[in-house]
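The values are calculated or read from the model by the stated rules, or taken from the named source; none is laboratory data. Just so you know, these numbers come straight off a predicted model, no measurement behind them. Virtual Cβ from ideal backbone geometry, glycine too; neighbours counted across all protein chains shown. Remember, those area values only see protein heavy atoms, side chains included, never the ligands or the DNA or RNA. Shrake-Rupley method; radii C 1.70, N 1.55, O 1.52, S 1.80 Å.
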Amino acid sequence: MMSDLLFYGLVTTLVLLSLLAVSLPNLLHGAIALIGSFFATAALYIMLQLEFVALSQIMLYIGGIIIFMLIIILLTSGLGQENRYMVKGRRRAAGAGVSALLLIGLLLTISQPSETLQKATLRAAPVTMDDIGFRLMATNKNGFIIPFEIISILLLVALVGAVVIARRDNGQEQES
Amino acid sequence: MNILLLPDLLIILLAASILAIDLYRGKPQSTVSFHMSWIGLLVIFCLLIILPYDQEITYWGTYKVTGISLLFKQVFVLSSLCTVLLSAPYFKPGGNARGVLRYRSEFYFIILLCTFGMFAVVSATGLLTLFIGMELATIPLYILSGYQKEDSLSVEAATKYIIMGSLSTGLLVFGYSFLYGCAGSLSFKAISVFAMASPTDPLFRLGVLFVLAAIGFKLTIFPFHMWAPDVYDGAPTPVTAFISVSSKAVAIGFLLILVYGPLAPLHNYLQIILLILAGATMTVGNLGALKQKRLRRFMAYSSIAQAGYIIMAMAGTAAAAYSSIIYYLFVYAAANYAIFFIISIVGRNGEEEFKSLQGMGKQNPVLAAVLMLTLFSLGGIPPLAGFMGKFLLFAAAAERGFYSMVIFAALNSTISLYYYLLLVKEAYIIKPAIAPRVLVIDNIQRISLVLLTSAMVSLGLIPLFSSNIMAIVQ
Amino acid sequence: MADLLFTHSYLILLFPLLSFVTISLRPVQLSPKMAGRFAIGCQGLSMLYGLAVAAAYWQTVIGQPQLYPARSLVCFDLAWLNFSPTLTANMGIFLDPISVMMIVVISIISFLVNIYSVGYMKDDPGFARFFALMALFSFSMLGLVISSNILQMFVFWELVGMSSYALIGFWYQKPSAVAASKKAFVVTRFADTFFLIGIIVVSFYTQSFDFQTLNSPETAALLDHTFMLGIVPINLLTLATILIFTGGWGKSAMFPLHIWLPDAMEGPTPVSSIIHSATMVVAGVFLTARMFPLFAASEVTLAVVQFVGAFTALFAAIIAITQKDIKRILAFSTLSQLGYMLFSLGVAKMVTGIHPGAEINPLGYSAAMYHVFTHAFFKCMLFLGAGAIIHAVHSNDIMDMGGLRRLMPKTYWSLLTACLAIGGIFPFSGFWSKDAILLAALQSGHYIVCAVGLATGGLTAFYIFRFFFLTFHGRARSKFHDVRENSWMTFSIMALTIPTVTAGMLEHLFVSEVTVPGLAYTPNFSHPLWLPTLASLAGIAGISLAWTFYGRGRTEAAERCRLRIAPVYQVIYNKFYIDEVYLFITHKIIFHGIAAPIKWLDRHIVDGAMNLIGEFLQQGGKAVRLLQNGQLQLYLGVTTLGFIALLFLGR
Amino acid sequence: MTLIHFVVLSLTLCAIGVYGVLTRRNLIGILLSVEVILNGANINFAAFAHFRASDPAAGAIFPIFVMAVSGCEMAVALAIIISMYRRKKRLDVYKLEELNG
């Protein structure tokens, strides 16, 4: 009962914060709302007994990506003031209409009778950090060593690429 | 350890060594990385040809090398090789009217690793490898399309590309989550078992539709094609060529793997959707191409239409679809790269537009003839390879009795012939208003064009090749 | 010896290909003059080899009917493309009476036209290119006729179309030539689309591309079932054969797809002579003959062939009467003669059908092939002669000519034989082949078609002698400078008189040997004497009429007559406005602009529909561009909406 | 707290993210909205792993990979945006209109 209350509270917070994140006129506030929604998500993960995922959520998402975004927002604007571009009401309405239609479509699709949902039962044993670590390094048929290696390559490429793109060249300065 | 994994390892090694050597001899004008890349890719291609195609080995649970995946790898390596050769003048001062590209070694490094990502996609046996491979095959393209930093068009293209792309990634992840949720596991085998047991489950179908939409984005299927004309137009030309061939090929590989692998029990359900999408896509591509004036944008619409033809073949049986599509990819790659080489020649000191082709018939008849041959191949005129390719694609759909679709596609390809002839007209007939600029062709371009043209002619005539694909697929 | 010849029969193709490759890719530097000589040499070798193969074929196959009951021989047949384990396309050489006949015709005519072209193209800057393209054409045309399967044939078919496209637009500086080449290409390609679909349909039902399999009764039986397309019942056999025939329809320029042929006369005259009269346009007739047993299994298809042929024969002859451009007269004449060949095929019978009690009668088939043979020579010569005249007087308009008899005596006498032949005057070759065609129509009981043939014969004699008298007789109507006959050109023209005069002797050969494949039946060739008499009378009447109107170079009588029927004449003169209609449609489909009169829309509902399609395409193109307005969020919105549509579609 | 709740939640987040993608005028704002979509997908994974999967560890691992990938994507995107900002001095998505047709 208690957990249900907690769940609904978390869900409400999450949805509200997400809505704020996408609609607050000041981007900086939006980003902060997003951080809040990510904390709520982390809490949900803990309720689902996926502590490791919750940890990554906080460390990777909040600690890495969002902070990075915040820095860029600050870099490209004086404290988010310049980012208040006006959005016309018509456009908001169109966007809201399309996303509402999307939600209706999605919910209609899953509202059909489904075995998957009916057979859903609570799993007994929680996923431990050991499990995750072993699976990531395992070379047997359940292992994920290959994706793990590939993602390291991906990180390297993204790093190199981001540097190349974002770097200010000498020639470019002369031009502009 | 087995020799079958060698190409994949070699390509990573090649990329790493290019970056390492660049660190030691980091002169901006050094062409070491260029020579290393193309020689390395050529070696890998030769290796791919001599590997045994009748074996099937799974490495560490999630990476499987089969004959079909090796065929796809051939396409990817060839495409990268062409891109590397195509890009050579773009790094030289005066090599292109849009300005010079910088960071040569990084460019090749990114291209090579992107190619490795494509390798991973066609070797995947589970959703995770598929996902990461697909991302490795996509994220570098965002970087590459923004490579021409001085050009605001290039930056705009990159911005549009990455934002559309990240939306599609979001859809893709949603799709994976539903597939995983239904099957309870990430492996294709488990998904296949679930699909067999309950093919009508709405959650499962929702996952499939999510994945289809996301891959439709990469494959430029209507209505997910919107990014393509703008990105093709804005990105540097070698990158456009790479996106138009490799990115499309990997998306097709991805779709083939899913449609004929774990989702095979849903084929009856999927084929209708695929056919509708195919018909819409080829129509939109052809209509869009009718009124273009810029070469790269034109190629974007042309390749959208080609994607439509390719999807159509997926209504056929597995063997027919695999063999016709892989064959068509080779043909398509040859024709597209030939066009892009010609664009790069024209673009050396002029805009890459239709009117820059004017006067080519007089000035360089051989180049104009190559252009005409290529366009005829794209338009599907026998005995060029494009005809055989289209014939096989149409036949794959006809085999299942979708005659009306085949007729629709054939009429569509008649429209396409019209706009391909527009380019021929531009090259041969229209008199340039100003004196045409001198076309400079360097040796790399000349040799590449000769090879690509002979490929276009011989792929259609020499049976060895298509029979080989057929044999491997079966 | 004969076996050796057959084994290496690919050499017939190889020589022209060698010539094309050598001249176009220039591995050795050839001066234009040498290129011409080289092309002629290759063409000559190909001709000699072709004749040798024909002789060997005569001796071996026709001479030993017990060994070769089907009268055909597959020289070799290599697997070329595998489509599936059961379906393989081959690349082979197939010799039977009609392909051997075509080899002889094509190689002889190519050779002579090449010689002619040395004179005709003498000072053209594209001299070498011309010979290269001609060699490419010969290669593809020869490949077309000896194909052993339909896919191979289609490949060569398109190659032929491509080389024709390049040759019509040979003088690409002229906008009209370019427009004509594009028109020819798009119209024939449009028809070929249906041909290709026909091939796909047939091959997937029969799992074969091979002509021998396709022509077997089993194939016809396999295809002969009816399915419902919506609410319309459609016989698959009829559908498939009509689809395939559509390819020939376009290539042989039958009404209403004939519009490209008169315009194709923009090419150099030797091109018109070989491609657009003697060989390529016959491809449609050849295709029909090649697939005849399958076509004949469907009565509807044969009726279509017959009707299209008869209609075009009459229609084109009427238009030809009014033309003033020398090459256009001949172009319409070609259309009319092709119509003859097709309706002749259409009246041949394999199954008793339309007229109960009528027997199997393959005479039409033999007659059509015979007419292909004779027509090739005399029409080629007519074009070459016209080319010589144009070359000499630098004008295409017969109203500017006259009195050329004394200036060009050799051309005059040679052309006279050709005109007599096409006019159907005894004993020239055209008389015999037309006689056989009329007889075939009569025997099979198609009296109306027979009457159409007779009437067309009279018209033919009239328009061809109108052309002849206006050109050669009377006084010169404009000043000519320096009219001389070029010896390269006159040689070819005079050489062609030999078959024109003597081909009549081959009638019995054609009737007894060139018969429907797989049908052991010799046509009944007994004549009622009144038929040839009537045909001759029609021809003579036509000539006399032409003489009264235009003899001695007069034009006044005709002018008077023309004024009396002025409105009708105007309509005919403008080719029944067909070109205008097409111009209108194509402009709407292909070129935007030109606000066409709305009136036409009402009067020609079909054209209106076509027009609508074109407009639709253009508007669609605009819409796609409009949607692509550069606004990223619009793109994102379209993508999302597309996904929503997919959700509802996938439910 | 059952599976269906989580699925509805994640789909709602998807729609919210799409709304943001369609209405945000700032490029970084669009990227923020994409993060909302990805977050929804991750919740979906976690929920399926918890309630249904025969292989729950995979469902826990996938979100971590998604986070890493989205990190890469953001790094590249922000680099491109910086490059863009340098040329145009603003990040207004309406002004991306040089390429069209």
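List of remarks:
- Cα principal axis extents for region D:3-88, largest first, Å: 51, 24, 8
- Counting Lys and Arg as +1 and Asp and Glu as -1 over every other residue whose Cβ lies under 14 Å from the Cβ of B:Ala319, the net charge comes to 0.
- Potential lengthening between B:Val438 and B:Leu6 on full extension [0.36 nm per residue; Cα-Cα distance subtracted]: 151.1 nm
- Once the convex hull of all Cα atoms in region B:85-220 is built, its volume per residue stands at 104 Å³.
- Given B:Lys425/C:Lys251; B:Lys362/C:Lys410; B:Lys355/B:Lys390; A:Lys88/B:Lys293; C:Lys122/C:Lys379; B:Lys218/B:Lys431, the pairs whose alpha carbons are separated by over 32 Å: B:Lys362/C:Lys410; A:Lys88/B:Lys293; B:Lys218/B:Lys431
- Interchain or long-range residues, amide H under 5 Å from B:Ala124's placed H: B:Lys64
- Rolling a 1.4 angstrom probe over the protein heavy atoms with all chains in place gives the protein assembly as shown an accessible area of 33 Å² per residue.
- Other residues with beta-carbon under 12 Å from the beta-carbon of C:Tyr370 carry, at +1 per Lys or Arg and -1 per Asp or Glu, a net charge of -2.
- Shape call, chain A: gyration tensor on alpha carbons, a/c limit 1.5: oblate
- The share of accessible area on the protein assembly as shown that comes from carbon and sulfur is 68 percent, using a 1.4 angstrom probe.
- Buried accessible area, chains A and D (both chains, 1.4 Å probe, Å² to nearest 100): 6900 Å²
- Across region D:73-87, coupling constants 3J(HN,Hα) worked out from phi with the 6.51/-1.76/1.60 Karplus curve, θ = phi - 60°, read 5, 5, 4, 5, 4, 5, 4, 5, 5, 5, 4, 5, 4, 5, 7 Hz, and Gly and Pro carry x.
- Residue mean of other protein chain beta carbons inside 10 Å, C:152-164: 3
- Surface burial for C against B, with a 1.4 Å probe and both sides summed, reaches about 5700 Å² of accessible area.
- Only aspartates and glutamates eight or more places from B:Lys291 in sequence, or on another chain, were considered; those with a Cα closer than 20 Å are B:Asp230, B:Asp233, B:Glu351, B:Glu352, B:Glu353, B:Glu426, C:Glu615, D:Glu97, D:Glu98.
- Gyration tensor (alpha-carbon) shape descriptor, region B:338-388, a/c threshold 1.5: prolate
- Where labels lie 7 Å past Cα in the beta-carbon direction, separation of B:Asn268 and C:Leu67 in nm: 5.7 nm
- The slack in the chain from D:Lys95 to D:Val8, taken as 0.36 nm per residue of separation less the alpha-carbon distance, amounts to 27.8 nm.
- Take the accessible area of A alone and of B alone, subtract that of the pair with a 1.4 Å probe, and the total buried over both chains is about 3000 Å².
- Hull volume per residue, based on the alpha-carbon atoms of region C:246-380 and their convex hull, is 91 Å³.
- When the Cα atoms of the protein assembly as shown are aligned to their principal axes, the ranges along those axes come out at 113, 70, 65 Å in descending order.
- Calculated FRET value between C:Asn629 and D:Arg86, using beta carbons and R₀ = 35 Å, to 0.05: 0.85
- Counting, for every residue in C:616-627, the Cβ atoms of other protein chains within 10 Å of its Cβ and taking the mean gives 6.
- Cα centroid of region C:171-226 to Cα centroid of region C:259-301, whole Å: 13 Å
- As a calculated quantity, the FRET efficiency between C:Ala455 and C:Lys324 at R0 = 22 Å, using C-beta atoms, amounts to about 0.45.
- Counting Cβ atoms of other protein chains within 10 Å of each Cβ in A:14-25 and taking the mean gives 6.
- For region C:57-82, residues shielded by at least 40 square angstrom of accessible area compared with the chain on its own, probe 1.4 Å: C:Trp80, C:Leu81, C:Asn82
- Shielded by partner chains, region B:48-63 residues - at least 40 Å² of accessible area, 1.4 Å probe, vs chain alone: B:Trp60, B:Thr62
- Among C:637-647, C:161-171, C:391-401, the peptide with the highest mean count of other Cβ atoms within 10 Å heads the list, and the full ranking is C:161-171, C:637-647, C:391-401.
- For C:Phe76, the residues whose modelled amide H falls within less than 5 Å of its own, excluding neighbours fewer than 5 places apart on the same chain, are C:Ile93.
- q = 0.06, 0.10 Å⁻¹: log10 I(q)/I(0) that the Debye formula gives for chain B, counting C-alpha atoms only: -0.24, -0.69
- Distance from the C-alpha centroid of region B:1-61 to that of region B:103-167: 18 Å, rounded to the whole angstrom.
- Positive minus negative residues near C:Met408 (Lys, Arg vs Asp, Glu; Cβ under 13 Å): +2
- If R0 is taken as 45 Å, the Cβ-Cβ distance between C:Phe491 and C:Leu531 corresponds to a FRET efficiency of 0.75.
- Summarising the label geometry, the points placed 7 Å from Cα in the beta-carbon direction at C:Ala645 and C:Gln59 lie 7.0 nm from one another.
- Residues of region B:189-204 that bury at least 50 Å² of accessible area when the other protein chains are present, relative to the chain alone (probe 1.4 Å, heavy atoms, ligands and nucleic acids excluded): B:Pro202, B:Leu203.
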